[in-house]
1. Taking Cα centroids, how far is region 149-223 from region 239-265 in Å?
2. At 0.36 nm per residue, minus the direct Cα-Cα distance, what do residue 82 and residue 41 gain on full extension? Give it in nm, one decimal, please.
3. Aspartates and glutamates near residue 8 by alpha-carbon distance under 20 Å, same-chain residues fewer than 8 away left out - which ones?
4. In whole angstrom, note down how far apart the Cα centers of region 68-124 and region 1-25 are.
5. If each residue's Cβ is checked for other Cβ atoms within 10 Å, how do 103, 255 rank with the fewest at the top?
6. Of all beta bridges DSSP finds with both residues in region 25-169, what is the antiparallel percent, to the nearest 5?
7. Find out how many positive minus negative residues lie around residue 193, taking Lys and Arg as positive, Asp and Glu as negative, among other residues whose Cβ is under 15 Å from that of residue 193.
8. Let me spell out the model: positive unit charges on the Cβ of Lys and Arg, negative unit charges on the Cβ of Asp and Glu, origin at the Cα centre of region 55-189. What dipole size does that give, in debye rounded to 20?
Amino acid sequence: MPGRLEHKVALVTGAGSGIGLESAILFAQEGASVLLVDINVDAAEKTAGLIKQKLPSAKTKVTKADVGKEADIKAAVDLAVKEFGRLDVMFNNAGIMHPQDDDALTTEEKIWDLTMQINLKGVWWGCKYAILAMRNNATDASKGLHTGGSIINTASFVAIMGAATPQLAYTASKGGVLAMTRELAAVHAREGIRVNSLCPGPLKTPLLMDFLNTPEKKERRLVHVPMGRFGEAVELAQAALFLASDESSFVTGTDFKVDGGLTSAYVTPL
Ligand code: NAD
């Protein structure tokens, strides 16, 4: 059976850990050629090694890029096209949650700016260079390839609901990702470029577990999650795969929530 991303080319940022790692593996398993991008190139190389172990014939390449730098993102997109011939899927997933990000009174401007640089500007640039590349995609009906493509931007449930445990810059940056994604979806819809946000709930990845480093901090969150557990990165990768594949061909501009019911619940089960 052909894979769900057969013949497609995908670029995944933050491919060295968490959602990006699981997505790069899954995209390759489903037949995509994958460019793994991370600021931590050793971590991305490890992901590529895992893919090679599972799928010796997989087409992958690794590159170091800081998504907070426009030139790095442009170079990564150029590399994907040079190496694999086109770009069908852009997963703007890398993001940071800074330990000094706090409330309006205590968050320093440099923390705000760094967070925006990576989480919001990085996604803008990722969209910009992906759109330019996707406009050049040729159609090949025999391979199920089209013009246009699918852009997926990782936002967060905190873009939708407030928390009394503030991370003001992070929350604002993710709200920006949601708003920007909707607008890009509308602007580029007739070019066949779909743009969607992925809104993860709290996950068992280093990003959150390093922050929720005591049982009390974990429990303070879990009481709000109807499913009563943290999500797994692979559960987000499955959702990203749907948005990346042609199965979601009529889906654009959506905030795809994958959150164990968190954003739908007022009172959770005991
Ligand atoms: P993670 O920390 O496990 O992985 C993030 C990866 O991004 C790392 O490999 C890191 O090296 C890379 N990275 C960081 N800064 C970068 C930069 N400037 N340029 C390139 N790569 C960079 O995180 P994760 O949990 O997999 O999170 C992925 C995305 O999901 C992030 O955008 C995050 O905000 C979002 N998210 C996570 C959760 C959660 O609970 N973990 C919840 C909601 C949203």
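Just so it is clear, none of the values below were taken in a lab; they were calculated from the coordinates. Values in this document were obtained by computation on a predicted structure and should not be read as measured data. Here Cβ is always computed from backbone atoms with ideal geometry, including for glycine, and neighbour counts include all displayed protein chains.
1. 12
2. On the way: separation 41, 0.36 × 41 = 14.76 nm, distance 1.96 nm.
Taking residue 82 through residue 41 to full extension adds about 12.8 nm, to one decimal.
3. 22, 30, 78, 83, 88, 140, 191, 246, 247
4. Comparing the Cα centres of region 68-124 and region 1-25, I get a distance of 18 Å.
5. On the way: 103 11, 255 17.
The most exposed by this proxy come first: 103, 255.
6. Working: 1 of 10 bridges.
Just about 10 percent of them are antiparallel.
7. Numbers: positive: 8, 86, 128, 135, 182, 190, 194; negative: 88, 183, 191, 246.
Combined, the nearby Lys, Arg, Asp and Glu give +3.
8. Numbers: 14 positive and 14 negative charges, 141 e Å.
Value, rounded to 20: 680 debye.
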